[in-house]
């Protein structure tokens, strides 16, 4: 997961709306959004290497979405998959308070947004492990700090704000924002230590490439009565269309 915008308790109709893109190596095996047979009540995509997920919801009233932090010198291939953190949260092995007790330094740099009932929090292990409650508001996250002013993060936040102001129902305006391939001017790009050419390639909301790129675009929304919907569109190398999935679920009242 490399880009998301979250509207939390900003709208009476939809207390929670999340729009997100997952960017990953195309060769990494994964399953699209589905109900997990080994974890009743959990819905989302699944990494077939680790069994974790980048984004999921639980009918116990939980949501989790994780992004990596782009710090090449701080990453080690042998570390445990970050998706296992989201899995532990969604399956109820840990709650928001319990996340702080995990050995978060065992994982490569990450940012995590979690929702549990009426509470939301931001969790990260950079520069050190910490958990921060999230009050109602509009949040954006990519591969840097929460609400870092990266062009694609700001653009997605604006798109989500417009969607809510327009009292929209259709997912397509949000999917269009997630499909945006605009490359910002160099002066607006972050410097994350990967070089200018790589920064340019990674700067659009939708990344198109033969080896690495956007694998899934997902929108989750939860109504005031606890009914929820998850819509996902998957992609292959060079943005080749994959499959759409639409899942309905409910949270406790």
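FYI, it's all coordinate maths here, none of it is from the lab. Keep in mind it's a predicted model, so treat the numbers as computed, not measured. Please note: Cβ atoms are built from the backbone with ideal geometry, for glycine as well, and neighbour counts cover all protein chains shown.
Just for the stretch 47-68: of the residues that are assigned to a loop (DSSP other than H, G, I, E, B) and touching a strand residue (DSSP E or B) at 6+ places or on another chain (Cβ under 7 Å), which one is surrounded by the most Cβ atoms within 10 Å (Cβ to Cβ)?
Pass one, the stretch 47-68, residues assigned to a loop (DSSP other than H, G, I, E, B): 48-54, 59-61.
Checking the rest, the ones that are also touching a strand residue (DSSP E or B) at 6+ places or on another chain (Cβ under 7 Å) come to 48, 53-54, 59, 61.
Details: 48: 11, 53: 32, 54: 28, 59: 16, 61: 19.
Restricting to residues being assigned to a loop (DSSP other than H, G, I, E, B) and touching a strand residue (DSSP E or B) at 6+ places or on another chain (Cβ under 7 Å), the top hit is 53.
Identify, by number, the condition in (1) within 16 Å of the chain's Cα centre (by Cα); (2) within 18 Å of residue 7 (Cβ to Cβ) that residue 233 doesn't meet.
(2)
Scan the stretch 9-21 and tell me whether some residue there is farther than 16 Å from residue 230 by Cα, touching a strand residue (DSSP E or B) at 6+ places or on another chain (Cβ under 8 Å), surrounded by fewer than 19 Cβ atoms within 10 Å (Cβ to Cβ) and free of Cβ contacts under 8 Å to residues at least 40 places away in the same chain.
no
Pick out the one residue from 206, 249 that is in contact with a helix residue (DSSP H, G or I) (Cβ under 8 Å, 6 or more places away or on another chain), closer than 29 Å to residue 10 by Cα and surrounded by 12 or more Cβ atoms within 10 Å (Cβ to Cβ).
Numbers: 249 fails: in contact with a helix residue (DSSP H, G or I) (Cβ under 8 Å, 6 or more places away or on another chain).
Residue meeting the stated conditions: 206.
If a residue has to be within 17 Å of residue 221 (Cα to Cα), in contact (Cβ under 8 Å) with a residue 24 or more places away in the chain and more than 16 Å from the chain's Cα centre (by Cα) to count, how many in the stretch 160-190 make the cut?
Quick first cut of the stretch 160-190, residues within 17 Å of residue 221 (Cα to Cα) only: 160-178.
Filter again for in contact (Cβ under 8 Å) with a residue 24 or more places away in the chain, leaving 160-161, 163-164, 167, 171, 174-175, 177-178.
From the residues that got through so far, the ones that are more than 16 Å from the chain's Cα centre (by Cα) too are 161, 163-164, 167, 171.
Number of matching residues: 5.
State whether the residues of the stretch 86-107 include one that is closer than 30 Å to residue 208 by Cα, in contact (Cβ under 8 Å) with a residue 60 or more places away in the chain and crowded, with 17+ Cβ neighbours inside 10 Å.
There is no residue in the stretch 86-107 that is closer than 30 Å to residue 208 by Cα, in contact (Cβ under 8 Å) with a residue 60 or more places away in the chain and crowded, with 17+ Cβ neighbours inside 10 Å.
Could you grab me the full set of residues in the stretch 69-85 that are free of Cβ contacts under 8 Å to residues at least 60 places away in the same chain and surrounded by fewer than 20 Cβ atoms within 10 Å (Cβ to Cβ)? Before you say what the answer is, go through the steps one by one.
To start, the set of residues in the stretch 69-85 that are free of Cβ contacts under 8 Å to residues at least 60 places away in the same chain comprises 74-85.
Scanning the stretch 69-85 gives 74, 75, 76, 77, 78, 79, 80, 81, 84.
Being in contact with a strand residue (DSSP E or B) (Cβ under 9 Å, 6 or more places away or on another chain) and under 18 Å from residue 14 (Cβ atoms) is true for just one of 177, 168. Which residue is that?
Working: 168 fails: in contact with a strand residue (DSSP E or B) (Cβ under 9 Å, 6 or more places away or on another chain).
Of the residues listed, the single one that is in contact with a strand residue (DSSP E or B) (Cβ under 9 Å, 6 or more places away or on another chain) and under 18 Å from residue 14 (Cβ atoms) is 177.
Within the stretch 22-43, does at least one residue satisfy the condition of being in a strand (DSSP E or B), in contact (Cβ under 8 Å) with a residue 12 or more places away in the chain and within 11 Å of residue 86 (Cβ to Cβ)?
yes
Taking residue 44, is it buried (at least 24 other Cβ atoms within 10 Å of the Cβ), on the phi > 0 side of the Ramachandran plot and in contact with a strand residue (DSSP E or B) (Cβ under 6 Å, 6 or more places away or on another chain)? Let's see the steps before the verdict.
Numbers: buried (at least 24 other Cβ atoms within 10 Å of the Cβ): yes; on the phi > 0 side of the Ramachandran plot: yes; in contact with a strand residue (DSSP E or B) (Cβ under 6 Å, 6 or more places away or on another chain): yes.
Yes: the conditions hold for residue 44.
Determine the pairs where a residue that is at positive phi, located within the stretch 221-241, has a partner that is in a strand (DSSP E or B) and buried (at least 19 other Cβ atoms within 10 Å of the Cβ) with Cβ atoms under 6 Å apart, the partner being 6 or more residues away or on another chain.
none
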